[in-house]
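Here the structure comes first, spelled out in structure tokens, and everything after it is commentary.
The values are calculated or read from the model by the stated rules, or taken from the named source; none is laboratory data. In this text, all values refer to a predicted model and were calculated from it rather than measured experimentally. A quick note on method: Cβ atoms are made from the backbone with ideal geometry, for glycine too, and the neighbour counts reach across all protein chains shown.
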Amino acid sequence: MLRLDPGNASLEGTRTKPLERVREKGSLSPAGVAWHLASTTMDALVYHGPGKRAWEKKPRPEIREATDAVVRITTSTICGTDLHILKGDVPSVTDGRILGHEGVGVVDDVGAAVSGVRTGDKVLISCITSCGKCDFCRKGMYSHCRGGGWILGNTIDGTQAEYVRIPHADTSLHRLPPDTDDEAMVMLSDILPTGFECGVQNGQVKPGDTVAIVGAGPIGLAALLTAQFYSPAEIVMIDLDENRLQVALSFGATKAVNSSDGKAVQKVMALTGGAGVDVAIEAVGIPATFDVCQEVLAPGGRLANVGVHGKPVELHLEKLWAHNIIVTTRLVDTVTTPMLLKLVQSGRLQPRKLVTHRFGLADSMKAYDTFGDAAKERALKVILKSA
Ligand code: ZN
Ligand code: ZN
């Protein structure tokens with residue numbers, strides 16, 4: 001469509017809809033064109049309660065607050081968390097919500113108070129929205145921002161759509177050079193900062209450490225890629241899926257342990273000469289994998305939990321108490337995104353290799369089927385691209 005009028009934001013923050021010139025079948029004016037108001041709808045992947053999702057028309061988002069931006073999505077992706085939502089595990093997500101919290105796009109419109117990005121800028125959308133001003137934001141704990149946190153595709157509409165409204169745009173978007181690789185960049189919305197902050201930073205990975213990562217899905221692999229910044233001596237990857245273990249070895253894991261026989265702990269202890277590991281990163285979120293982490297730690301070890309747990313785990317303090325063990329939890333803050341961006345731009349970090357499948361945004365339903373059957377489809381990250 002040819003946009004003839006870029007539209008004006010008035011001082012009151014209201015907006016005049018731009019006129020668009022569109023071709024219309026069957027109702028052509030003598031000149032062959034018709035004048036219309038700009039489209040007020042868009043297509044989006046919508047949650048309709050446990051097990052139900054649809055690709056359907058939704059109102060196109062508009063600026064509501066002066067600090068908002070509206071972004072036209074060029075690249076999005078599906079997260080394991082989206083599958084949890086579809087199972088009904090995340091009650092804050094209600095019927096009618098557009099899913100998705102990861103994306104790269106182009107700024108389509110900004111509120112009057114936005115100064116860090118402009119219409120036409122290419123941007124990375126952080127999965128964590130932050131005001132930058134509240135007490136938690138001032139501590140760098142954006143995940144607990146009083147006006148943000150993880151809200152996209154949760155309590156407000158998300159990024160698996162043609163357009164998304166981003167609150168607190170100045171502090172929730174990252175400007176990207178126009179020539180950056182969208183597919184690599186979209187891995188920075190969530191999985192790379194999550195693997196790095198919750199796994200590697202909280203686990204205090206150091207040069208020479210032996211690190212065990214339980215779970216070789218996208219988040220575990222993101223921890224694997226970013227743990228290597230610190231030159232650990234060994235990285236032992238643990239998973240049930242042989243394909244994912246092979247991927248992990250190609251991404252820099254030094255050892256792979258298939259846990260499908262239930263003997264992961266014995267195997268890790270054997271690999272470390274009975275010593276155990278310095279860091280155990282839990283990247284699954286179930287009691288069995290948390291238990292593996294507790295049992296393979298050497299004295300002085302750090303257990304960094306990354307997984308999203310829906311059930312209680314048993315903390316074996318009766319064994320851990322005298323072993324100087326640190327157990328950490330964290331919701332990603334995305335405070336390291338600017339640093340990770342530099343490493344991707346320099347080529348030092350190559351997250352594009354996490355991408356296994358690509359779909360058009362309009363094929364999101366099919367993309368969910370593929371991602372939902374990840375083992376059979378050998379899927380890691382599934383890219384959704386706008387036409
Ligand atoms: Zn996610
Ligand atoms: Zn805040």
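Overview of values
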read-out: Selected residue (criterion: nearest to L188 (Cα to Cα)) from residues of segment 99-116 that are in contact with a Gly (Cβ under 8 Å, 6 or more places away or on another chain) and surrounded by fewer than 24 Cβ atoms within 10 Å (Cβ to Cβ); value: V106
read-out: Test: residue in segment 196-206 that is farther than 15 Å from V335 by Cβ, modelled with pLDDT of 95 or more and among the β-branched types (V, I, T); value: yes
read-out: Selection count where residues are of a type outside the set (A, V, I, L, M, F, W, C) and surrounded by fewer than 24 Cβ atoms within 10 Å (Cβ to Cβ), scope segment 218-231; value: 3
read-out: Every residue from segment 118-128 that is among the β-branched types (V, I, T) and either in a strand (DSSP E or B) or buried (at least 23 other Cβ atoms within 10 Å of the Cβ) (or both); value: V123, I125, I128
read-out: Candidates A283, A275, A253 - the one that is farther than 20 Å from N202 by Cβ and touching a strand residue (DSSP E or B) at 6+ places or on another chain (Cβ under 8 Å); value: A275
read-out: Of residues in segment 66-89 being within 15 Å of ligand 1 (Cβ to nearest atom) and among the β-branched types (V, I, T), the one surrounded by the most Cβ atoms within 10 Å (Cβ to Cβ); value: T77
read-out: Options G220, G199, G203; residue that is part of a loop (DSSP other than H, G, I, E, B), outside the structural domain of R352 (by TED's automatic domain parsing) and either touching a strand residue (DSSP E or B) at 6+ places or on another chain (Cβ under 7 Å) or not hydroxyl-bearing (S, T, Y) (or both); value: G203
read-out: Yes/no for K353 being surrounded by 14 or more Cβ atoms within 10 Å (Cβ to Cβ) and either out of contact with any Cys (no Cβ under 8 Å at 6 or more places or on another chain) or not assigned by TED's automatic domain parsing to the domain that holds N243 (or both); value: yes
read-out: Residue among A222, A233, A253 that alone is touching a residue at least 40 places away in the same chain (Cβ under 8 Å) and more than 19 Å from the chain's Cα centre (by Cα); value: A253
read-out: Answer from I98, I78 - the residue that is closer than 27 Å to G49 by Cβ, away from ligand 2 (no atom under 16 Å from the Cβ), in contact with a helix residue (DSSP H, G or I) (Cβ under 8 Å, 6 or more places away or on another chain) and modelled with pLDDT of 95 or more; value: I78
read-out: Positions within segment 102-152 being away from ligand 2 (no atom under 16 Å from the Cβ) and under 19 Å from the mean Cα position of the chain (by Cα), in sequence order; value: E102, G103, V104, G105, V106, K122, V123, L124, I125
read-out: Considering residues of segment 177-205 that are of a type in the set (D, E) and more than 11 Å from ligand 1 (Cβ to nearest atom) only, the residue farthest from V117 (Cα to Cα); value: E197
read-out: Residue check, V313 β-branched (V, I, T), modelled with pLDDT under 95 and in the same structural domain as Q204 (by TED's automatic domain parsing); value: no
read-out: Residue satisfying condition, being touching a residue at least 60 places away in the same chain (Cβ under 8 Å) and within 14 Å of ligand 1 (Cβ to nearest atom), within set H101, H174; value: H101
